[in-house]
Amino acid sequence: MTPSDYSLLDFAKALLYNVFAFDDQHPLLFTQFYFWAFFAFVVLVLALIGRSRIMMRNAFLFFVSVFFYYKTSGDFTVLLIVATCLSYFVGMRVGKSVAGLPKDASAPMVAKVWVGVGVVINLVVLGYFKYAYLVVDMINQICGTDFEVHDYLAALGNAIIGDDGHFSIDFIWLPVGISFYTFQCISYLMDIYRRRIEPLRNFLNYGFYVSFFPQLVAGPIVRANEFVGQITKPYSLSRRWFGIAVFWIVNGLAKKIILADYLAVNFADRIFTNPTMFGGFENFSALFVYSLQVYADFSGYTDIAIGVALLMGFYLPTNFNSPYKATNCGGFWKRWHISLSKWLQDYLYISMGGNRRATFGTYAVIVTIAVVGTILSGSPWVAVAVLFVAGWCIVEALVRPERRKGITSNVNRMNTMLLGGLWHGASWNFMIWGGLNGIGILIWRWWSTIGIHARALISTAIAAAAYGAAAYGGWPVAWMAAVWLGVIALCSALRSLYNALRAPWQLSWLERAWAITQTFVYISFTRLFFRAGSNLNPAEANQVAWETATQMVDKIGSPWNTAQIPAIIEAYAPVFIIFVLGMIIHWLPDRLKRRYRICFAMMPLPLMAAVVAFIVLIIYQFVTADLQKFIYFQF
């Protein structure tokens, strides 16, 4: 052989290795050229399979989805396959147990046992990877022991393959997307149990449902009763829906690369990494910039996933609906990560009793939150506070039966939000974030029941108390509260005066804009605790995240050097321009967005191709040196 032959052979080997090997430093992302080559291959094979060979299509999509997951998660693919097999088998048993029963009939005990086994096993596996450090900390603090985390599943894998060093046993790595496919498996079992669907008899069809690659690693969470009906339908995609699919893909890429990645690399990550190096204005701005970044990142992934799935003839649920247009915290969670919110509502909130009553699950969650909060915070006062509030609610419900329904409903809502925070990670910061969102929902529900004059008096009194605390103690967080509550009190007073004067002009648009602004400000503040706990391994999350959060609060709540603000804005001019443009686009009326989306979809194909090429060229001018992973990969 000549040297050129060796070079050609080496090139072929390197190419095959790059195509089929897993690289933990470069997982497969929607923003990579490699993904689009992979997707082009998938579409080509689907075209060759044709519309009528449904079983062959589903089998092919199952295998390429498993390959896609392997390229993002490596050896954790085995876990996906095991979870799929387990849920398939349990689903068949549950289906056999409830076969022929009407939807309103009580399920037999054997069905309850099987669905309980399936749900518990799925949650135990999820808990092992997400909460092992938390459980070990709880045992050590309660029993006075000094246990360390040991990955027994990794040790078992080493024993099976005969290589003690293949898997690390000293640290438990969180598999990408484990929460999403676990929730889909649970949804499948619960929907069979509730007789919403029949179990899928063919394993390849079920494997396709669980592992469908567009939404596998970061959602949206696809409910079984919303998707399994599509599995046996022939391919169908109109010319208009083809254009809509292309629009969502391009829109998602623009969100991810132009907004999320650019804002992260050039501003937000710098501030959150070392907040003490920057002043109060930069830290304050970072909260709002991060709010847009995390929305653009997550909804950008969802847009691409919806578009990719649509090109293959499958419809994924809407996961975002302009969440920063929400006028209250409750409305925000009906617009943000909709698939998770609905999942938590159906399988957690309603299971605890919803707005009807408190159940054993309600009290079990309260005790769990008290224990977990104490362990994560390191302070027993957290448990005292949680149990005191819970006790007060129970006594209030007993003494005033007419308020019992509302009280238990609010307790269940708060439980759901706290558990939703813990779903994101076993960190004190995530628990605070979930709790603040729950408090925001409860305050809004109470606020909406009182008159405008009472709002003015109450907000003024609370703002005065915050100002007194700030002046007395000098605490930065108190100054932040005093300023924010002072603005709310002033606007409430003006609104009260407007009502008292019975002014003839209509200001409903201004009232709506004010509500949207206040909701955005509050949600952005809670994101301080969300971002501070992200991108950290569980062993260091609590300490580092809490330090980051407190440092940023200290900076924001301390006196600002206002003379430097113009220079800061000028120095970060592209960041602030992109942020403002991003928020303007986000707040555009829905009718206008639908109009330009349809106009794009109905373009002649040559013109659409030219427009897409031009947009992609612009998008990739913003690509950073190293493509950023999607934020929700870590959950």
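The values are calculated or read from the model by the stated rules, or taken from the named source; none is laboratory data. Nothing here was measured: the structure is a model prediction, and the numbers come from that model. Don't worry about glycine lacking a Cβ; one is built from the backbone with ideal geometry, like all the others, and counts go over all protein chains shown. Ligands, DNA and RNA are stripped out before the accessible areas are found, and what is left, the full protein with its side chains, is counted by its heavy atoms. Shrake-Rupley method; radii C 1.70, N 1.55, O 1.52, S 1.80 Å.
If the only charges are +1 at each Lys and Arg Cβ and -1 at each Asp and Glu Cβ, what is the size of the charge dipole of the chain around the Cα centre, to the nearest 20 debye?
3360 debye
As a test of understanding, state the convex hull volume per residue of the chain from its alpha carbons, in Å³.
About 223 Å³ per residue, rounded to a whole number.
Separation of segment 320-354 and segment 72-88 by C-alpha centroid, Å?
Answer, in whole Å: 28.
Quick check: Cα centre of segment 387-404 to Cα centre of segment 110-172, how many Å?
38 Å
In a shell of Cβ-Cβ distance under 12 Å around V477, excluding V477 itself, what net charge do Lys and Arg (+1) and Asp and Glu (-1) give?
0
What lysines does K130 reach when the alpha-carbon gap must be under 29 Å and sequence neighbours fewer than 8 apart in one chain are set aside?
Cα-Cα hits under 29 Å: K71, K112, K255, K256, K334, K342, K629.
If the chain between A155 and A563 were fully stretched, how many nm would it gain, using 0.36 nm times the residue separation less the Cα-Cα distance?
Answer, rounded to one decimal: 141.0 nm.
What accessible area per residue, rounded to a whole number of Å², is obtained for segment 317-420 using a probe radius of 1.4 Å?
Averaged over the residues of segment 317-420, the accessible area is 47 Å².
Under a crude label model (7 Å from the Cα following the beta-carbon direction), how far is I618 from I598 in nanometres?
My value for the distance between the label points is 2.3 nm.
With r defined as the distance between the Cβ atoms of C85 and R53 and R0 fixed at 22 Å, what FRET efficiency is calculated, to the nearest 0.05?
0.35
Please give the FRET efficiency for K405 paired with Q141, using the beta carbon to beta carbon distance and R0 = 56 Å, rounded to the nearest 0.05.
0.90
With the crude spin-label approximation of a point 7 Å out along Cα→Cβ, what separation in nm comes out for F203 versus A609?
Modelled inter-label distance: 4.3 nm.
To the nearest 10 degrees, how steep is helix 590-601 against the longest Cα principal axis of the chain, on a 0 to 90 scale?
20 degrees
Which angle between 0 and 90 degrees, to the nearest 10, do you get for helix 605-619 versus the longest principal axis of the chain when only C-alpha atoms count?
Relative to the chain, helix 605-619 is tipped by roughly 60 degrees.
To the nearest 20 debye, what charge dipole does segment 62-172 have about its Cα centre, counting +1 at the Cβ of each Lys and Arg and -1 at the Cβ of each Asp and Glu?
Result for segment 62-172 is approximately 880 debye, rounded to the nearest 20.
If I fit a long axis through the Cα atoms of helix 538-557 and take the longest principal axis of the Cα atoms of the chain, what angle between them do I get, 0 to 90°, rounded to 10?
That works out to roughly 40 degrees.
Would you work out which of A601, L216, A469 lies farthest towards the positive end of the dipole of the chain? Charges go on Cβ: Lys and Arg +1, Asp and Glu -1.
A601
Subtracting the Cα-Cα distance from 0.36 nm times the residue separation, let me have the gained length for V367 to Y34 in nm, one decimal.
115.1 nm
Helix-only mean residue ellipticity at 222 nm, the chain, DSSP H runs n ≥ 4 weighted -39,500 (n - 2.57), per residue, nearest 500. What is it?
-23000 deg cm²/dmol
Report, to one decimal in Å, the Kirkwood hydrodynamic radius for segment 85-206 based on all distinct Cα pairs.
After inverting the pairwise mean of 1/r, the radius is 16.7 Å.
For segment 211-321, what percent of Cα pairs sit more than 19 Å apart?
Cα-Cα pairs in segment 211-321 separated by more than 19 Å: 53 percent.
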